[in-house]
Amino acid sequence: MPPEETKRNMSSLYTPFAIVLAGVLIAGGLYFGLSGGSASTGGGGVVAPTVNIKDVKIDGEPFIGKTDAPVVMAFWADFQCPYCKAVEVGHPQIPIEPALPELIKNYVNKGLLKIVFKDYPFLGEDSITAAEYGRAIWDLYPDQYFAWRTAMYEAQDDEGDQGFGDAASIDQLIKNELPKVDVEKVRSAVTSNKAKYDAALTADRDEGTSFGVQGTPGVIIGETLIPGAAPLSDFVSAIDPQLK
């Protein structure tokens, strides 16, 4: 059975002008991005890709939840993406309730769901820098990774390389928000492991693209691909049948 795929807003590979005016992107893209629509499999239409969470690389990736949770969700994101922020912590200009806090409360905390975080940086150098820091924190302080991730999205401003998101601002965020994390160790790890981290980022993005992820956010649960800033109900519809 082909996966469900709805057309919702996601930061697109083909919208470089969004880096100049993220507010215009958000306002102008809401109708097209958040309106539902099934992918067509008819003649001349777009064929929904076949996906299966069993084919997604899980080992070594940052995650929250029990390692042996019965349901696994792979979540591709870019730290500069406003629609990723909408899903993770909420965004004042994107009219959806953030799904991630509810998924954590109703599934992760009950041992039912494991969320694996995959990188898909494409909105500029700050996207890559943030993802590299994420890899370093996961290596050094895995118990602090999700707190750091949440703080990053809460601090996010405009899309692209024009505000929060460079190394200096991330260093300051760590100092202000994560007292258990040694920022000097993290910065050193980013520098010394840059080639390894960048290879992992590229692998994550290429993997996502192979499954039909063409922007962020993108999610795979079971055999369902959920593109864009989807409502909580879409996640629940993909999770609950696997728990029966």
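Rundown of residues vs (1) within 13 Å of the chain's Cα centre (by Cα); (2) more than 14 Å from Ile239 (Cα to Cα), yes/no style:
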residue: Thr67; (1), (2): no, yes
residue: Met73; (1), (2): yes, no
residue: Pro82; (1), (2): yes, yes
residue: Phe122; (1), (2): yes, yes
residue: Ala130; (1), (2): yes, yes
residue: Ile137; (1), (2): no, yes
| query | Pick from segment 184-213 the residues that are of a type in the set (A, V, I, L, M, F, W, C) and buried (at least 16 other Cβ atoms within 10 Å of the Cβ): which of them is farthest from Cys81 (Cα to Cα)? | reply | Ala189
| remark: Screening Lys175, Lys180 for residues that are more than 16 Å from the chain's Cα centre (by Cα) and part of a loop (DSSP other than H, G, I, E, B) leaves only Lys180
| Cβ pairs under 8 Å, 6+ apart, first in segment 135-147 and within 18 Å of Leu100 (Cβ to Cβ), second small (Gly, Ala, Ser) and assigned to a helix (DSSP H, G or I) | Tyr145/Gly134
| task | Determine which member of the set Thr216, Thr224 is touching a residue at least 60 places away in the same chain (Cβ under 8 Å), touching a Ser or Thr at 6+ places or on another chain (Cβ under 6 Å) and within 20 Å of Phe63 (Cα to Cα). | result | Thr216
| request: Look through Val116, Val87, Val108, Val71 and report the one residue that is touching an Asp or Glu at 6+ places or on another chain (Cβ under 6 Å) and either touching a residue at least 40 places away in the same chain (Cβ under 8 Å) or closer than 25 Å to Phe164 by Cα (or both). | output: Val116
| remark: Ile94 fails exactly one of (1) buried (at least 21 other Cβ atoms within 10 Å of the Cβ); (2) of a type in the set (Val, Ile, Thr); (3) closer than 18 Å to Gly215 by Cβ, namely (1)
| query | Do we have Thr216 as surrounded by 15 or more Cβ atoms within 10 Å (Cβ to Cβ) and in contact with a Cys (Cβ under 6 Å, 6 or more places away or on another chain) here? | reply | yes
| request: Looking only at segment 76-91, count how many residues are of a type in the set (Phe, Trp, Tyr) and either surrounded by fewer than 23 Cβ atoms within 10 Å (Cβ to Cβ) or in a helix (DSSP H, G or I) (or both). | output: 1
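Only the coordinates and a few stated rules stand behind these numbers; no lab work does. What you are looking at is a predicted structure, and each value in this text was computed from that prediction instead of being measured. Note that we place each Cβ from the backbone using ideal geometry, even for glycine, and neighbour counts take in every protein chain shown.
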